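Presented below is the structure to which this report refers.
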Amino acid sequence: MKRKKITIGLFGFGCVGSGLYEVLQLTPKLNASVKRICVKNPTKERSLPPENFIFDPSMILNDDEINVVVELIDDAEVAFEIVKAALMHGKAVVTANKKMIACHFEELLFLQHKFRVPLLYEAACCASIPVIRNLEEYYDNDLLVSVEGIVNGSTNYILSKIRKEKSTFKYALGEAQRLGFAESNPDLDIKGLDAKYKLVLLLAHAFGLVVKPGDIYNLGIDRIGNAELEYAEEKGLKIKLLAVAARNSHGNIQAFVLPAFIEPEDKLYSVEDVFNGVRIMSCFADSQFFEGRGAGSHPTASAVISDISALSYGYRYEYKKLDNDEVLQDQHSVHLKLMIRCNKEILHDVMDYFLWVDEYKLTNNEGYVIGITTLKTVSSILEQYPESSAILFDDQRDVKFPADVRLKNIAIHE
Ligand code: HSE
C-alpha cells in the first residue's frame with residue numbers, strides 16, 4: 001500500500017512538539033513534513049530560528065496543503081478549539097492532550113463522525129506504549145477482563161526517587177518538572193487527574209465505555225505520608241499510583257485511580273522511574289504486560305510519529321466497542337481492601353466506616369486502619385478528613401466478604 005504524503009501544521013513547540021520535530025528529521029521514509037508551526041509566545045527562545053514560527057492558527061487551518069494538524073499545546077480548552085476547527089476544516093488530527101480528549105470525548109466522537117476525519121491520540125495514554133491502538137484493534141472482542149497499571153510517569157518517577165534516594169517529595173517533583181515529565185500544572189499528575197484522563201481513554205478503547213472524568217474516583221500521591229512509606233518498606237512492598245478498569249463478577253466495569261501497595265511478585269513492582277506498565281487480562285490469553293517510557297520528549301513524540309504514519313495509510317479508530325452497552329459500577333458497591341491513615345483522635349471514627357478490619361495501629365499522633373470498605377466511603381472519609389490518606393492493597397482487590405461476616409460490633413455508615 002502506498003503512503004499518502006503528509007503535510008503537517010503543528011500547534012505547540014514545547015517538550016513534545018520540539019521532540020516531534022527532531023524525530024521527524026530522522027524518519028525520512030515517513031514522507032511527512034512540517035509546513036507551519038503555530039505557537040503562542042512570540043518572544044520565547046526556541047531551538048529553531050524565529051522565522052519558523054507563526055502565531056495565527058488560521059494560517060494552518062486555512063492552508064489547503066496541510067492535511068494533518070498535530071496538536072501539542074498545553075491548554076486543554078484552547079487545544080479543543082483548535083482540534084474542533086481542524087476537524088471541521090476536514091483535516092486529520094493527532095493529539096497528545098489526554099485532558100482535552102477525556103473532557104470532550106463525546107463531542108470529539110461526533111465531530112469525527114460528522115466531518116469524516118480521523119483523530120488519533122496514542123501519545124495521550126502512556127506515551128511510548130502502544131496501548132490504545134492495541135486495545136482498539138487486537139483486543140477487538142468482548143473477552144477483556146481488565147486493563148490496569150501505572151499510567152503516569154511523573155508520579156512513578158517521584159515515588160521511585162523518594163524510595164530509592166530518600167528524596168523529599170518537593171525535590172522529586174522539581175526533578176520531574178525539570179526533565180519535562182510533569183504537566184505544567186503538576187497538580188494534574190500528583191492528584192491523580194492525569195491518570196484519570198488516561199483511564200477515560202482506556203475505558204473507551206478497552207470496553208467501549210464513554211464516561212466523564214467526574215464519574216471516576218481519583219486519589220493521587222500527594223497525601224502519602226511517612227507511615228505508609230514505612231509500612232511499605234517494612235513489608236517489602238512498593239507504592240505505585242494505579243489506574244484500574246476491571247469487569248466485576250456482575251459484568252459491570254469498575255474504574256478508579258488510587259495509590260496501591262504492590263507485591264514483589266507483581267510485574268508492576270519493577271516498573272520504576274518514568275516508566276509506565278499496563279497489564280491486560282483477557283479470558284483466554286490470561287495476563288499480558290506492556291512496559292515503556294510514560295513521559296518525556298522523544299518517547300511521546302514516537303507515539304505521535306506512529307499516529308502520523310498510521311494516517312498516511314488511511315487509519316482511523318472505528319470505536320467498534322461503543323455499541324457494547326457497558327455500565328460503570330457504582331462507587332457504593334466497589335469493595336476494596338485499603339489502609340487509611342489519619343489523626344489519632346479520629347481513628348475510631350474512621351474504623352466505624354469499615355465493613356471489616358484486619359489490622360489497626362496507633363502511634364503518637366496518628367494511626368492507621370487496614371480493612372475492607374467501599375470506594376464511596378474512602379471518598380467521603382478523605383473529603384471529611386483532609387489530613388488522612390488511603391492506599392489500596394492491590395493483590396486483594398477483588399475482595400469477597402469472609403463467609404462469617406462477624407464484623408466488628410460497630411455501626412456501618414454507607
Ligand atoms: N505528565 C504526564 C506523565 C506526561 O507524567 O505521565 C505524559 O502523559
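The values are calculated or read from the model by the stated rules, or taken from the named source; none is laboratory data. Since we're looking at a predicted model, the values are computed, not measured. With ideal geometry, Cβ positions are generated from the backbone for all residues, glycine too; neighbour counts draw on all protein chains shown. SASA here: full protein model, heavy atoms, side chains in, ligands and nucleic acids out. Shrake-Rupley method; radii C 1.70, N 1.55, O 1.52, S 1.80 Å.
The table for this structure:
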| item | result |
| --- | --- |
| Residue list for the range 50-84, restricted to those being of a type in the set (F, W, Y) and touching a residue at least 24 places away in the same chain (Cβ under 8 Å) | F53, F80 |
| Residue in the range 268-287 that is in a helix (DSSP H, G or I), surrounded by 21 or more Cβ atoms within 10 Å (Cβ to Cβ) and small (G, A, S) present | no |
| Hey, A102 farther than 21 Å from A310 by Cα, open to solvent by less than 50 Å² (accessible area, probe 1.4 Å), in contact (Cβ under 8 Å) with a residue 60 or more places away in the chain and not polar (S, T, N, Q) or not | yes |
| Which listed residue, of A301, A260, A310, is of a type outside the set (S, T, N, Q), more than 16 Å from the ligand (Cβ to nearest atom) and touching a helix residue (DSSP H, G or I) at 6+ places or on another chain (Cβ under 6 Å) | A260 |
| Odd one out for G19 among (1) part of a loop (DSSP other than H, G, I, E, B); (2) within 27 Å of A295 (Cβ to Cβ) | (1) |
| Single residue of the range 77-122 satisfying the filter (over 20 Å from G192 (Cβ atoms) and small (G, A, S)) that is nearest to the chain's Cα centre (by Cα) | A79 |
| Residue check for A127: in a helix (DSSP H, G or I) and modelled with pLDDT of 95 or more | no |
| Answer residue from the range 220-234, given it is in contact with a Lys or Arg (Cβ under 8 Å, 6 or more places away or on another chain) and open to solvent by less than 10 Å² (accessible area, probe 1.4 Å) and is nearest to L322 (Cα to Cα) among those | G220 |
| Scope the range 1-26; condition closer than 17 Å to K91 by Cβ and β-branched (V, I, T); matching residues | I6, T7, I8 |
| Subset of the range 206-219 that is touching an Asp or Glu at 6+ places or on another chain (Cβ under 8 Å) and open to solvent by less than 30 Å² (accessible area, probe 1.4 Å) - its residue that is farthest from C342 (Cα to Cα) | G208 |
| Residue within the range 109-129 that is touching a strand residue (DSSP E or B) at 6+ places or on another chain (Cβ under 6 Å), among the polar types (S, T, N, Q), under 17 Å from F289 (Cβ atoms) and within 16 Å of the ligand (Cβ to nearest atom) present | yes |
| Top-ranked residue in the range 87-108 [being within 18 Å of E65 (Cα to Cα) and either assigned to a helix (DSSP H, G or I) or among the acidic types (D, E) (or both); ranked as farthest from the ligand (Cβ to nearest atom)] | M88 |
| Residue list for the range 210-241, restricted to those being within 16 Å of the ligand (Cβ to nearest atom) and not aliphatic (A, V, I, L, M) | P213, N218, G220, D222, K240 |
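This table checks each residue for (1) outside any loop (DSSP other than H, G, I, E, B); (2) open to solvent by 40 Å² or more (accessible area, probe 1.4 Å).
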residue	(1), (2)
R36	yes, yes
T43	no, yes
L48	no, no
E51	yes, yes
I66	no, no
I73	no, yes
I82	yes, no
A85	yes, no
